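The values are calculated or read from the model by the stated rules, or taken from the named source; none is laboratory data. All values reported here derive from a predicted model rather than from experimental measurement. Cβ placement follows ideal geometry from the backbone for every residue including glycine, while neighbour counts extend to all protein chains displayed.
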Amino acid sequence: MNNAMVADESKESLLWLFQTWLRAMPGHPPRSIVADQDLPIKQALSQVFPGAHHRYSAWQIREKDRENLRPFPSEFKEVHEHRENWVPAYLRASFLAGIPISGAIEPFFGASLDALTPLGEFIPGMNKDLSKDAKRKEKRISTLTTCSRFISADEEGSRGRACRRLYTLNVFRIFQNELVQSYNYLCLKTHGEGAVSRFLVRKESEKHAVTFSASNRSSSCSCQMFEHEGVLCRHILKVFNLLDVRELPSRYILHRWTKNTEFGFVRDVESGVSSRDLKALMVWSLREAASKYIEFGTSSLEKYTLAYEIMREGGKKLCCQR
């Protein structure tokens, strides 16, 4: 979780903000950004994150509609020209990590803090909310092993068991719901040419087209859930079940949704980054792990002794690897 406070919303301030964020994330720019459509923000984003998809804030669009009531023709034209930044139909193919396409995003600080909150009240309130968020994360981590109780092992199958081991609790719940819902759909093969097959997956009036390639076990669905959220949809899972694809191809298990990511662990193959970027990621990961050892190890003399021994033994093993 990154937070920043700026004195104004000028292009210069926003450039500093985005460049600082980029350095904090070992040089890895985001794939999508939800932000206002104000000119300084658009200019700063295009300069620092030129490849990121800028999605306009639905909340700000509604607020401007309320302020203007009767928009000018020029404003209609501008909104129409940038429809790929806010129209749901254009956003489905953009990865937004599950952020709702329509509607406002729930504010992290809730209703207790806003732009009118005095600075003397805002800082303590922000720290309090961050502390609550950290406790919520610790609770989620401690309950990762309880996922198996949601559905039986027979219903879950090998795909579900593999994802239960890999995914974080929240993401596994999303995947599990899609897996369970897939059993309520009918699947019919509509076309086949070489290694490529097309299927119609339907439930009552709901219909979706799924394409599957047997050569590399890749699949796509007209609902574009995987492209938008990074989790396979019930329609592709239905096709996988029909074709007896018992293990999900690794490309459909994003590293960002796995438990290893939550604990800061970096895998060379899964990260898919250059050697330079990988080194930066490893430095960041080790620093994060070391800071946790320091935080827990300094809470008492007993924990300090334990943390020191763990780090010393780890250091000995590292020396043996030379």
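Yes/no matrix, rows are residues, columns are (1) part of a strand (DSSP E or B); (2) under 21 Å from Leu242 (Cα atoms); (3) under 27 Å from the mean Cα position of the chain (by Cα); (4) at pLDDT below 80:
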{"position": "Asn177", "(1), (2), (3), (4)": "no, yes, yes, no"}
{"position": "Ser197", "(1), (2), (3), (4)": "yes, yes, no, no"}
{"position": "Val201", "(1), (2), (3), (4)": "yes, yes, yes, no"}
{"position": "Val210", "(1), (2), (3), (4)": "yes, yes, yes, no"}
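May I ask you to list the residues in region 1-18 that are part of a helix (DSSP H, G or I) and surrounded by 13 or more Cβ atoms within 10 Å (Cβ to Cβ)?
Once the filter is applied, which keeps residues that are part of a helix (DSSP H, G or I) and surrounded by 13 or more Cβ atoms within 10 Å (Cβ to Cβ), region 1-18 yields Lys11, Ser13, Leu14, Leu15, Trp16, Leu17, Phe18.
Confirm whether Val245 is more than 21 Å from Ala97 (Cα to Cα), at pLDDT 90 or above, of a type in the set (A, V, I, L, M) and not in a helix (DSSP H, G or I).
Judged against the criteria, Val245 is not a match.
On the basis of being closer than 25 Å to Lys132 by Cβ, loosely packed, with under 12 Cβ neighbours inside 10 Å and modelled with pLDDT under 90, does Val34 make the cut?
No, not satisfied.
Which one of these does Gly230 not meet: (1) over 30 Å from Leu200 (Cβ atoms); (2) modelled with pLDDT of 80 or more?
Every listed condition holds for Gly230 apart from (1).
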